[in-house]
Amino acid sequence: MFGDRWKNILNQKGGQTALWHPGGALTFQELDQLARSLQPRHCPRLGAFFLAQGDGVKVTLALLAGFLTGLPVQVVEMDRQRRVPHSVPESPVSLIKQTVGSSGVRRCQFFTLAQIAADVDRLHQALELHHPEVALAPLSVAHSFGLTTTVLQTLFNGLPTHWLPTPFPAGINEALAQHQKVFLPGVPAMWKAWLIAALDLRQVCLAVTAGSPLTLSLEQQVRDTFGFKLHNLYGTSECGAISYDATLTPRGSAEDIGSLLPGLEIRQEQGGRLRVRSDAAGLGYDEVLPGDVLEASEHLTWDVITEDGGRLLFQTCLGNGINVASRKLSPTEIASRIREATGIHEVTVSGVPSRDPERTQDVVCAIKLPREQLTQAFKSSACAALAPWEVPRKWVSIFQPDA
């Protein structure tokens, strides 16, 4: 299936640019040649596979190599170690996502090629991605949102991607200067930063946000400053895109996450959790937790969502994951690294609402240590193994001196 699609893209666009990057650009034909020269790795669980980790070029080439050879591709964020799957489904696996998601536990999710294609094609049709000439990728292409809106669109539908290593204004400006009709996906924290930087986004013909709730204030500021609608997209890594706000006018409620996408069915489970039936829902996890459903084309999300007049309304998330500026963090991972660094066993990590709505949540660490010992030096040492976005913003002493 993929081979025929890719062959058609090569026949139509082989000599055209498929992927821009800071070092230059690659045509579709050059991507094909480089991908066919890649050698797979070996995993005791997966057998031969390709690792998609690193910059946008490396991720794209590994994906293409896997799809062309029928070998699985495991996508891993640049700052993470690869997880060896605890178990692997019997069905043929084409893509493995390694993510925390709303569950709060980093696991592997497995997908067939048909499931990936279903999500990519649904997005391509819903967002009308045949109109832009390029997708700008200032967000991680190893994250589900960035993956399906940029490089997978390149490989399945021939939409070129302009990959950027950071979402900083200088790089965005340089990239925009090279194109006329740009599709720009981002998360709310990025859109807020681009507003503050007063970027010139006249080349943007489609603007989309996902990963965190979109406030009415940010949506209106984007409209007032840039002159276009910021469209809200909602989905999960397990089943892909679920709803999309395709309207051209501002929403009346911050809970509004758009209309259900074609081909999907939803219902509410006990507690209000949204259950989705989708041809893009994955095969399952490598480690199943209580409350999980990811099988037989169905996924039970951790989100409480209601429906009103054909629009989906986001209420809350019941999962243990911490959402920091659209990055899903594992409280158990953070607590474990703090324990290792400090030798203190009683450490609990959680998320609390942030004062900055685009940040969504702040990380809080409760630790059994006298308050006076929670110095800046101690905190720096305790967080040495954490990524900057994982570092707790608030520390709480749960030390109780003996009576």
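Quick note: the coordinates plus some simple rules give every number you see, no bench work behind them. Note that the structure is a prediction, hence the values are computed from the model and not measured. Cβ coordinates were reconstructed from backbone atoms using ideal geometry, including for glycine residues, and neighbour counts include every protein chain displayed.
Observations on the structure shown:
- Overall shape: oblate for segment 2-317, with the ratio a/c of the largest to smallest alpha carbon gyration tensor axis at 1.5 or above and b/c at least equal to a/b.
- Which of Arg339, Arg107 has the fewest Cβ neighbours within 10 Å, and the rest in rising order: Arg339, Arg107
- Listed by Cβ neighbour count within 10 Å, with the fewest neighbours leading, Arg80, Arg371 appear as Arg371, Arg80.
- Cα centroid separation, segment 136-200 to segment 367-403: 36 Å.
- Here Phe111, Phe156, Phe67, Phe378 are placed in order of increasing Cβ neighbour count within 10 Å, fewest first, which gives Phe378, Phe156, Phe67, Phe111.
- A dipole drawn for segment 235-291 from +1 and -1 charges on Cβ atoms has a positive end, and of Ala281, Ala254, Gly291 the residue lying farthest that way is Ala254.
- Taking packing as the residue-averaged number of other Cβ atoms within 10 angstrom, the listed peptides 350-356, 187-193 run from highest to lowest as 187-193, 350-356.
- Among Lys58, Lys328, Lys379, residue whose mean-square fluctuation peaks in a GNM of the chain (springs only between Cα atoms under 10 Å): Lys379
- Mean-square fluctuations from a GNM of the chain, with a 10 angstrom spring cutoff on Cα atoms, peak among Gly24, Gly146, Gly272 at Gly24.
- As a length-normalised measure over Cα pairs under 8 Å and 6 or more apart, the relative contact order of segment 330-397 settles at 35 percent.
- Within the same chain, lysines fewer than 8 places from Lys394 are excluded, and of the rest, those with a Cα less than 19 Å from its Cα are Lys328, Lys368, Lys379.
- For the chain, built as a Gaussian network whose Cα springs stay under 10 Å, the top-fluctuating residue of Ile322, Ile96, Ile196: Ile196
- Whole-Å distance, taken between Cα centres, linking segment 211-271 and segment 74-121: 24
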